[in-house]
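Novice: Next up is a structure, given as structure tokens.
The values are calculated or read from the model by the stated rules, or taken from the named source; none is laboratory data. Everything numeric here is computed off the predicted structure, so don't read it as measured data. A quick note on method: Cβ atoms are made from the backbone with ideal geometry, for glycine too, and the neighbour counts reach across all protein chains shown. Side chains included, ligands, DNA and RNA excluded: accessible areas come from the protein's heavy atoms. Shrake-Rupley method; radii C 1.70, N 1.55, O 1.52, S 1.80 Å.
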Amino acid sequence: MDENQIEKKQHSNPFFEPYGTLHDTVPFDRIETSDYEEAFMEGIRRDNEEIDKTIHDPETPTFENTVIRVDTSKGEHYYDLLERVSHVFYRLLGAETHDDLDALAQKLSPILTQHANDVTLNKQLFERIKYVNEHHRPLNAEEQMLMDNCYDGFVRSGALLDEKGKEQLRALTEKASLLSLQFSQNLLKENKAFELLINDEKQLEGLPETAKEAAKKAAEDVHKEGWLFTLDHPSYGPFMTYSTQRDLRKQMYMARNTECTHDNEYNNLEICKQLINLRREIAQLLGYPTYADYVLKHRMASNIGNVYQLLDELIKAYKPTAITEVEEVKDMAKKLEGADFEMQPWDFGYYSHKLKMERYNLDAEMLRPYFQLENTIKGVFGLATRLYGITFKENKDIPVYHPDVKAYEVFDKDGSYLAVLYADFHPRKGKQGGAWMTEFQGQWIDYKGNNVRPHVSLVMNLTKPTNDKPALLTLGEVETFLHEFGHSLHEMFANTRFESLSGTNVWWDFVELPSQFMENYAIEKDFLRTFAFHYQTGEPLPDELIDRIVKSRNFMVAYGCLRQVSFGLLDMAYYTKKDEFKDDIIPFEKKAWADAIVTKQLPNTCMTTQFSHIMAGGYAAGYYSYKWAEVLDADAFSVFKKNGIFDQKTAQSFRDNILSKGGTEHPMELYKRFRGQAPTIDALLERNGIEKSEIKN
């Protein structure tokens, strides 16, 4: 027996046994790619075995012996194998993937979708659930929510369809699942394939030292000479803001804004059309006129009319100001370049930055030295300590999936263990762009009464350290950190009985409240004073600079609002279709969001083909949620502004009524319990400096 055979014989699949790690964290260092498929298949087998026990249980169906068993396959075990391996596999697919993992995802997608369909379309199982729904004992609020979600989840997954309808639904959902995965993989590969390598130092004119140093290191990392720029935000953003090389800005802009539209294997145009139609067909098969009708039944907005009412109100309120903002940027460009200069989309970031400098003398690079990542971590964690009393302790003994990742133990104000938090800060080859929060383990109370605490992961693409400088962030990156950290607090404070109702398992137009709420602190002087110190001198961020940050907070705010609204309009245009979608994606896109567009549109650029949120990320017919939640977050933060931004009594109420409750009750009831009333748009308009009278016709 050779060494490889001995090693293979000695290896045991870590998913099948207690991890034996601190807090039962994932032993990433012991997992091999081959372990995933084995664990998935065994997880499906165990699921089927548990379902078989449930449907053949001779006892009369009850909430305990049916609904709870359907909601979790943990039974008397401390984990659900299928859930356990899924949590790891799909988190790494976004944060640390490779070709073998991508291929396995393609292979597993139809198998897992078929299994999900086997559960929700199981007639005997649904009959038991239906019986419990009609004959259950008195339930508390959380139990009732689980009952409603379970019954409605089966109905919305086709349980009431005839056999022909069920087979149709199986085919549609399996195909949609596979196409969503393919969309994401195409986008990642196309994004990582683009490189702008500059060898002539003169072409770096205008770029700050931080951008040049990062580009130099990026080139060195792939063994190339010169300066390497990519479409990852920490590289792309500064280039578009500072580079004087208009032709190179155009090259970067067009690469970013035509992703997955090219005549190659990564083209997403047809995939998008298929996804739009598949979702419409699924909704109509289930008795809904459109996919948006299907989705909005479980949203705070509740119907299409309410979504459009919000988007229309925002257009009326913000568009006049947005038009003025864009004209001011054009005037700045003409002032610098001549009266006949015609501004193009790749010029907008460059000249809006020039205008901001003229108006406020404020530049992202001025602030970078004060936002060293290590200090920012202390500041953000310290904010949670000040508000909620929780503390964070890095523990290098907790296994991580990449050397960049830091693992922290989180302790509650009484010193008890609360959660594990992973923080993954920087871009790299196998990592999707953007920023998100996820978990490797959710929170629930097990059959013995133990409160199983969550393992939460923050994944971002922040500026990397260079050879001679630590990671220095922009204020925008600090806001991103605060945003995702807000999601993590929602997970870490989870305190519910059922995992399917814990943490961020809430309606989509409520889930962004905790995250967007945290962004408010980014420009609060008393918060900035806790961590914003110059990385070389230790000097605090000067009050005079903070004052300029506060004064400039609404710079281009109306333009930014309409940009988000335009994405919401595009999303709704696709998913309110009642008939087959046959249009060409690019011209349809231009028409769909036209009411919210105030800048020049180029005929060949396309957002849809890279719009992961609505094509592969769960926000289909739900992108409006960001603006919906912004109304909530402005309204909620107004309470803190009134009582004190660090007021612990207000923070405790926010934790008790919103952060810890998850999806155990209707979100509006939770919000009103914290706020004392329903939210209004007034606080958002006030924060953005928009006159309320502007929304009138």
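Novice: Using the beta-carbon distance between E64 and Q106 and R0 = 56 Å, what value does 1/(1 + (r/R0)^6) give for FRET efficiency, to the nearest 0.05?
Specialist: The formula returns an efficiency of 0.90 here.
Novice: Additional query: Relative to the longest principal Cα axis of the chain, at what angle does helix 304-337 sit, 0 to 90 degrees, rounded to 10?
Specialist: So the inclination is approximately 30 degrees.
Novice: Of all chymotrypsin sites (Phe, Trp or Tyr not before Pro) in the stretch 506-599, which ones are in loop regions per DSSP and have a Cβ with at most 14 other Cβ atoms within 10 Å?
Specialist: Taking the stretch 506-599 and a limit of 14 other Cβ atoms within 10 Å, no loop chymotrypsin sites (Phe, Trp or Tyr not before Pro) are found.
Novice: Residue-wise, which Karplus ³J(HN,Hα) couplings in Hz belong to the stretch 467-473, taking 6.51 cos²θ - 1.76 cosθ + 1.60, θ = phi - 60°, and x for glycine or proline?
Specialist: Here the 3J(HN,Hα) series is 5, 10, 9, x, 5, 10, 9 Hz.
Novice: May I ask you to compute the full-extension gain from N361 to D647, defined as 0.36 nm times their residue separation minus their alpha-carbon distance, rounded to one decimal in nm?
Specialist: Additional length available on full extension: 99.7 nm.
Novice: Write down the accessible area per residue of the chain in Å², having rolled a 1.4 Å probe over the full set of protein chains.
Specialist: 43 Å²
Novice: Specify which residue in the list T504, V565, L489 is farthest towards the positive end of the charge dipole of the stretch 489-575, using unit charges on the beta carbon of Lys, Arg (+1) and Asp, Glu (-1), about the Cα centre.
Specialist: Among T504, V565, L489, the one farthest towards the positive end of the dipole of the stretch 489-575 is V565.
Novice: Which of rounded, prolate or oblate describes the stretch 458-522 when judged by the alpha-carbon gyration tensor and an a/c cut-off of 1.5?
Specialist: Note, shape of the stretch 458-522 comes out prolate.
Novice: Hey, another quick one. Note the angle between two axes, namely the Cα long axis of helix 233-242 and the longest principal axis of the Cα atoms of the chain, as a number of degrees from 0 to 90, rounded to the nearest 10.
Specialist: For helix 233-242, the angle is close to 20 degrees.
Novice: With a ≥ b ≥ c the root eigenvalues of the C-alpha gyration tensor of the stretch 490-647, is it rounded (a/c under 1.5), prolate (a/b larger than b/c) or oblate?
Specialist: Oblate, because a/c is 1.5 or more while a/b does not exceed b/c.
Novice: Exposed loop sites here are GluC sites (Glu not before Pro) in DSSP loop states with at most 13 other C-beta atoms within 10 Å. What is the longest stretch of the chain lacking them?
Specialist: Longest run free of exposed loop sites: 343-579.
Novice: In debye to the nearest 20, how big a dipole does the chain give about its Cα centre with +1 on each Lys and Arg Cβ and -1 on each Asp and Glu Cβ?
Specialist: That gives the chain a dipole magnitude of about 1540 debye.
Novice: Using Cα centres only, tell me the gap between the stretch 510-575 and the stretch 205-223 in whole Å.
Specialist: Taking the Cα centre of each part, the stretch 510-575 and the stretch 205-223 sit 26 Å apart.
Novice: Could you give me the ³J(HN,Hα) list for the stretch 156-170, computed from phi with Karplus coefficients 6.51, -1.76, 1.60 and θ = phi - 60°, whole Hz, x at Gly and Pro?
Specialist: Values per residue, Gly and Pro as x: 5, 9, x, 4, 8, 6, 6, 4, 5, x, 5, 5, 4, 5, 4 Hz.
Novice: Please give the contour-minus-distance gain from E544 to E327: 0.36 nm per residue of separation, less the Cα-Cα distance, rounded to one decimal in nm.
Specialist: That works out to 75.3 nm of additional length.
Novice: Tell me which trypsin sites (Lys or Arg not before Pro) from the stretch 591-683 have a DSSP coil assignment and no more than 13 other beta carbons within 10 Å of their own.
Specialist: K600
Novice: Would you work out what percent of the accessible area of the stretch 156-268, with all protein chains in place, is carbon or sulfur (probe 1.4 Å)?
Specialist: Reported share for carbon and sulfur atoms: 48 percent.
Novice: Now for a different question. Label K53 and E195 with points 7 Å out from Cα along Cα→Cβ: what is the distance between them in nm?
Specialist: Simple spin-label model gives 5.4 nm for this pair.
Novice: Give the relative contact order (percent, whole number) for the stretch 20-176; include only Cα pairs under 8 Å separated by 6+ residues.
Specialist: Relative contact order for the stretch 20-176 comes out at 27 percent.
Novice: Compute, for the stretch 32-156, the length of the dipole vector about the Cα centre, with Cβ point charges of +1 (Lys, Arg) and -1 (Asp, Glu) only. Units Debye, rounded to 20.
Specialist: 460 debye
Novice: Just to confirm the filter: which trypsin sites (Lys or Arg not before Pro) across the stretch 199-238 are DSSP coil and have at most 16 other Cβ within 10 angstrom of their Cβ?
Specialist: Counting only loop positions with at most 16 other Cβ atoms within 10 Å, the trypsin sites (Lys or Arg not before Pro) in the stretch 199-238 are K224.
Novice: Please state the charge dipole magnitude for the stretch 451-493, taken about the Cα centre, from unit charges on C-beta atoms (+1 on K and R, -1 on D and E), reported in debye and rounded to the nearest 20.
Specialist: It works out to roughly 140 debye.
Novice: Using a Förster distance of 25 angstrom, determine the FRET efficiency expected from the C-beta separation of E342 and N554, and round it to 0.05.
Specialist: Step by step, r from the Cβ atoms, then E = 0.35.
Novice: Taking the chain as the reference, fit the longest principal axis to its C-alpha atoms, fit the long axis of helix 81-95 to the helix C-alpha atoms, and give the angle between the two in degrees, 0 to 90, nearest 10.
Specialist: That helix lies at roughly 10 degrees to the long axis.
Novice: Along the charge dipole of the stretch 242-319, which of M254, Y308, L285 sits closest to the positive end, that is, farthest toward it, with unit charges on the beta carbon of Lys, Arg, Asp and Glu (+1, +1, -1, -1)?
Specialist: The residue sitting farthest along the positive end of the dipole is Y308.
Novice: Divide by every residue of the chain the summed helix terms, -39500 (n - 2.57) for each DSSP H run of at least 4, and state the resulting mean residue ellipticity at 222 nm, rounded to the nearest 500 deg cm²/dmol.
Specialist: -17000 deg cm²/dmol
Novice: So, one more: So who's got an amide H within less than 5 Å of the one on V456, skipping anything under 5 residues away but keeping other chains? H placed 1.01 Å off N, in plane.
Specialist: Amide H to amide H, under 5 Å and 5 or more residues apart or across chains, V456 pairs with V420, L421, Y422, F440.
Novice: On to the next question. Roughly speaking, what is the stretch gain from E134 to K334, that is 0.36 nm per residue apart minus the C-alpha to C-alpha distance, in nm to one decimal?
Specialist: 65.0 nm
Novice: Given the options V639, F555, G622, identify the residue whose Cα lies farthest towards the positive end of the charge dipole of the stretch 554-697 (+1 on Cβ of Lys, Arg; -1 on Cβ of Asp, Glu).
Specialist: Checked the options; the winner is V639.
Novice: Apply the Karplus parameterisation 6.51 cos²θ - 1.76 cosθ + 1.60, with θ equal to phi minus 60°, to every residue of the stretch 662-678 and state each ³J(HN,Hα) to the nearest whole Hz, in sequence, with x for glycine and proline.
Specialist: Working through the residues one at a time gives x, x, 6, 9, 4, x, 5, 5, 4, 5, 5, 5, 6, 8, x, 6, 6 Hz.
Novice: Moving on. Between H402 and H11, what FRET efficiency comes out of the Förster formula 1/(1 + (r/R0)^6) with R0 = 30 Å and r the beta carbon distance, rounded to 0.05?
Specialist: It comes to 0.90.
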